[in-house]
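The values are calculated or read from the model by the stated rules, or taken from the named source; none is laboratory data. All figures in this text were calculated on a predicted structure; none of them were measured in a lab. Positions of Cβ are generated from backbone atoms using ideal geometry, with glycine treated the same way; all protein chains shown enter the neighbour counts. We work out accessible area using only protein heavy atoms, side chains counted, and drop any ligands, DNA or RNA first. Shrake-Rupley method; radii C 1.70, N 1.55, O 1.52, S 1.80 Å.
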Amino acid sequence: NTNYGLAASVWSENINLALSIAGQIQAGTVWINCTNVFDAASGFGGYRESGYGREGGREGLYEYLRPTWEAAAEDAETQAGKANGSGRSRRRATLATEAAPAPNGAHAGPNGHAHSAHDGSGGFAATAFGAPPIDRTAKLFIGGKQARPDSGYSREIYSPSGEALGEVGEGNRKDIRNAVEAAHKASPGWAAATAHNRAQILYYIAENLAVRTEEFAARIVAMTGCTQEEAEREVEASIERLFSYGAWADKYDGAIHRTPLPGMTLADNEPIGVMALVCPDERPLLGFISLVAPAVAMGNVVIAIPSERHPLSATDFYSVLETSDVPAGVVNIVTGPCDTLAKVLAQHDDVDAIWCFGSAEGARAVEEASAGNMKRTWVSYGHSRDWLDATQGEGREFLRESTQVKNIWIPSGE
């Protein structure tokens, strides 16, 4: 019952009981039948308000490393900025999320996004047989159920040519609160599920997505204007990514540190808990799955904010989740203004971590808002990842950011 979690000691003659309690304590280091034992081979750092990051051990080393592709991209941006005299600040500004142009008859909402007068069509064209169009607004997905937004408002989604494609709910602070509550309710059961079980569910999601490849590809073409071939490639990559993280679910395990203690020091990779994911505009389906899959595979529960410009792939995807044995509350989807919702999530004390792959301005707001509650953050300051690339779009980097390391010191002998 504390906001802190730096270290703890457990004393007991029953080693089984001691190990059971050590697994339940939310602290970066747990000493069993000893206390204040340190070594550079073992990481040291806290949970929650006991500080950021780790020092010592392999996890401490990662605090000083960054992906080579990211450093190269930043150097290229710097050189380009010097060449045209604009500097990086202007480059970052151009990478910020831009609102889609409002078609005739539409007016800009409070966030600069187009909202058209509701005419009952929902932005869908009439059928080939002349029947009236179906007015369908994609709902939010909270606690395993489709939910109407608290505000009662929706926003229209447009193609690059300005054609209305559909409507999604306009999420707000209360919707975020409901999603966080649903995630907290699901968190203990999902974290306690076996890694094999989580893997099987991810495989099942991939299988159900595979049979709808053409449908999702057509949606991507309509939203982004890419070619059919590119869209199918994105869907295939999304399926492969789900299979990949399903395979990782029971293979990304901890280690035993070689410390001077007579006994062993276990480095256990634990799920962070409730995670907020702000998804990129690039590759709307693949970017969404590339963030959700590793977090879920490691035992976390998530509140995902899909691409603000292209959210329909994510709202289509929750029908896949509904038929894939995903427990209610493990994946929650709230559509709406990314930067606004990201700031609400960053300020929420019951959200344990937030990833922000939206605009540079949104990333800054997330880091500033999360400083007060010491929330773990992973942000991208306008660096557009190549989500199709296996180095940039998936791998151990995402798994590390989905877990936190607990070091358990277990002495032996008399």
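Remark on Arg283: its backbone amide H falls under 5 Å from none of the residues 5 or more positions apart or on other chains, H modelled at 1.01 Å from N. Only protein heavy atoms count here; on that basis, with a 1.4 Å probe, His196 has an accessible area of about 110 Å².
Solvent-accessible surface (1.4 Å probe) assigned to Val296 amounts to roughly 10 Å². Residue by residue, the range 26-32 carries 3J(HN,Hα) couplings of 8, 8, x, 9, 10, 9, 9 Hz when phi is fed to the Karplus relation 6.51 cos²θ - 1.76 cosθ + 1.60 (θ = phi - 60°); x denotes Gly or Pro. Amide hydrogen proximity for Thr377: with H placed 1.01 Å from N in the peptide plane, the residues at 5 or more positions away or on another chain lying under 5 Å are Ile354. Of Thr35, Thr259, the order by accessible heavy-atom surface (1.4 Å probe, DNA, RNA and ligands excluded), from most exposed downward, is Thr35, Thr259.
Here the range 331-385 is treated as a sphere whose radius is the Kirkwood value from Cα pairs; by Stokes-Einstein at 25 °C and 0.890 mPa s it diffuses with a coefficient of 220 µm²/s. Converting phi to 3J(HN,Hα) with the Karplus coefficients 6.51, -1.76 and 1.60 and the offset θ = phi - 60°, the range 36-42 yields 6, 9, 10, 6, 5, 6, 10 Hz in sequence order, with x at every glycine or proline. The accessible-area ordering, largest first, of the residues Trp409, Trp378 stands as Trp378, Trp409, per a 1.4 angstrom probe.
Residues whose amide H lies under 5 Å from that of Ser324, counting only those 5 or more places away or on a different chain, are absent; hydrogens are built 1.01 Å from N in the peptide plane. List the relative contact order of the range 338-402 as a percent without decimals, with contacts defined as Cα pairs under 8 Å and 6+ residues apart. Relative contact order, the range 338-402: 29 percent. Computed with every protein chain present, the accessible area of Asp339 is close to 60 Å² [probe 1.4 Å].
For the range 174-215, give the magnitude of the charge dipole about the Cα centre (Cβ charges: +1 Lys/Arg, -1 Asp/Glu; no others), in debye to the nearest 20. Provide the component values of the computation, followed by the final result.
Values: 5 positive and 5 negative charges, 56 e Å.
Charge dipole of the range 174-215: 280 debye, to the nearest 20.
All C-alpha to C-alpha distances of the range 306-408, sorted into 5 Å bins beginning at zero, yield P(r) values of 2, 11, 16, 19, 24, 18, 7, 2, 0 percent in whole numbers. Ordered from highest to lowest accessible area with the whole protein assembly present and a 1.4 Å probe, Arg376, Arg177, Arg233, Arg385 read as Arg233, Arg177, Arg376, Arg385.
Just subtract the alpha-carbon distance of Asp75 and Asn33 from 0.36 nm times their residue separation and send over the number in nm, one decimal.
That pair, Asp75 and Asn33, stretches by 10.1 nm at full extension.
Translational diffusion coefficient of the range 151-301 (Stokes-Einstein, Kirkwood radius from Cα pairs, 20 °C, 1.002 mPa s): 119 µm²/s. Couplings for the range 59-76, taken from phi via the Karplus curve 6.51 cos²θ - 1.76 cosθ + 1.60 with θ = phi - 60°, read 5, x, 5, 5, 5, 10, 10, 9, x, 5, 5, 5, 5, 5, 5, 5, 4, 5 Hz in order; Gly and Pro are left as x.
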